[in-house]
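The values are calculated or read from the model by the stated rules, or taken from the named source; none is laboratory data. All values reported here derive from a predicted model rather than from experimental measurement. No Cβ is skipped: glycine too gets one built from the backbone with ideal geometry, and neighbour counts run over all protein chains shown.
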Amino acid sequence: MKENLKMLLVLGATAGIFMACGNKTNESMMSTEKSTVSAEKNAGSSAAAEKAAESEGKNPTEAVKTEEKQLTEGTVSSTADMSHYEKGRKVRLWLPVPHSSEYQTVSDVDYDAGNAKAEMNTDELGNQMLYVEWDENAEPADRVVKLNFNVKREEVIRPELKEDDKEELTDEVKKYLEPSKNLPLNDQLKEKAKEVTEGKTTDLEKARAIYDWVIANMNRDEKVKGCGEGDVCSLLDTTMSGKCTDINSMFVALCRASGIPAREHFGIRINADDITKNQHCWAEFYLKGTGWVSADPADVLKAVLKNNWTKDQKESKDKQEYFWGNCDAERVILSDGRDLILSPAQDGEALNDFGYPYAEVDGKKIDNYVPDQFIYTYSFEKKAS
């Protein structure tokens, strides 16, 4: 029986590779569509392996074995230019700086801020940032900052999803049950969570039901600015469409409303030379007995839109299975959390998220979506293999 299963897994993975190579994607598609064939390959092999497991009476939530994890390694370079503001104005700038974690290794962080006041700081949630300040006497041409870091990012492979109700949540995990401004734990969210998870008894069943419901009921909207705001009550009241922060915040909010810790990561995709507009938000939920499990329904819906797929066709379902517990290697976490107070504290209100650079001129927030107000670039140079 084990030999039959092994043979089926090998055949399934091989079939997944050929299927992935045959799925051409839109060039404007970020990470999972344009990138390495890894996401497509693992999507196909994951689905095939699960079918084989089911035929052998195995639990389809068990870890999907793959021959090797995909890795992406290189240098990210960022430049922020505030020189277009006239002399005599106080300009403050915060740039998110990633740190090493389980699936990414960050090294050789380096910056050049000229003669400006500059320091590396960490906020209360552990987010790192480069803070730069120019006083009223600074020459406008001097208000340019360059930041570079090396990163090695590892693909996340879905673990065996085991549950242990006896596990006690740590305080660090419990904070991801708390509400935020755009993810409240109000009656509307609790009632929707109860509706979506009806008949489900375990946290794993509930989280999967929420994941599938988000994909079935939400859509990507390219007209939304940036990554979206992730205002889940507004989304429930209107179109149920948006971008990655909107879609993945809905998943996180409904998990929390169901008593399951969940969080968003805010980062940038490292899948092209120019990655200035490649910001992305993805999610994780905490499963007692397993730990943090990746989930990215937004990337499923992005693939559906970019490839003009229906949600029930095979390619869509393969993506849906892949991004349940798996995560490609072409992204870097820049920050976590919502309603952020930076270090030092900004004059404006708490940040909804810190996936983009943030700046203030004379104490007023600068719109980081408007190039005329805030000029910055990100680029990625992949390490030669």
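A few points about this structure:
- Evaluation of GLU191 against the conditions (1) part of a loop (DSSP other than H, G, I, E, B); (2) outside the structural domain of ALA359 (by TED's automatic domain parsing); (3) over 24 Å from the mean Cα position of the chain (by Cα) shows that the sole unmet condition is (1).
- Count - residues of the range 132-155 that are within 11 Å of TRP94 (Cβ to Cβ) and surrounded by fewer than 21 Cβ atoms within 10 Å (Cβ to Cβ): 1
- Test: residue in the range 117-140 that is closer than 13 Å to SER78 by Cβ and of a type in the set (Ser, Thr, Tyr): no
- Selection of strands (runs of 3 or more DSSP E) fully inside the range 110-169 by the criterion of at least 3 residues being within 23 Å of the chain's Cα centre (by Cα) and over 27 Å from ASN352 (Cβ atoms) returns 144-154.
- Residues in the range 312-345 that are basic (Lys, Arg) and in contact with a strand residue (DSSP E or B) (Cβ under 9 Å, 6 or more places away or on another chain): 2 in all.
- Residues satisfying the stated conditions in the range 226-272, i.e. farther than 28 Å from PRO357 by Cβ and among the small types (Gly, Ala, Ser): ALA257, SER258, GLY259
- Residues that are assigned by TED's automatic domain parsing to the domain that holds TYR322 and within 17 Å of ALA257 (Cβ to Cβ) occur in the range 163-171; there is at least one.
- Filtered residue count, the range 224-260, keeping only those that are part of a helix (DSSP H, G or I) and among the small types (Gly, Ala, Ser): 4
- Look at the range 151-167: where a residue is closer than 30 Å to GLY74 by Cα and a partner is modelled with pLDDT of 95 or more and basic (Lys, Arg), sitting 6+ places away or on another chain with Cβ atoms under 7 Å, you get ARG153/ARG331.
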